[in-house]
């Protein structure tokens, strides 16, 4: 199974498929953030399923490790996004009125 570095989850969604700023998207920022969180949860569930399958010897060890790495990368990406949001909020709060 080839690994696309831009894919957030095994479901085929990618960063490139997210709506662009200013584009007429169905709901905007809140929906985009919700889809990102749903992708994180789905990736975590897939990794848990793969590890359970590995323990029951129904899933290959390599597939389980790939799922775990995908989950780790998705978590790191979400933490970096959160850090950017916190930094932006702090910058806005420092602005004089």
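This ranking places 35, 70, 94, 82 by how few other beta-carbon atoms lie within 10 Å of each, fewest first, which gives 94, 82, 35, 70.
Please find the FRET efficiency linking residue 38 to residue 65, where r is the Cβ-Cβ separation and R0 is fixed at 25 Å, and quote it to the nearest 0.05. Provide the component values of the computation, followed by the final result.
Working: r = 24 Å, r/R0 = 0.95.
The formula returns an efficiency of 0.60 here.
Potential lengthening of the chain between residue 52 and residue 75 amounts to 6.3 nm, from the contour at 0.36 nm per residue minus the alpha-carbon distance.
Here region 27-94 has an Rg and Dmax of 16.0, 55 Å, counting Cα atoms alone.
Taken together, the values in this text are just the output of simple stated rules run on the coordinates, not laboratory data. Note that the coordinates shown come from a computational prediction; the quantities given were computed from them, not determined experimentally. All Cβ positions, even for glycine, are placed from backbone atoms using ideal geometry, and neighbour counts span all protein chains on display.
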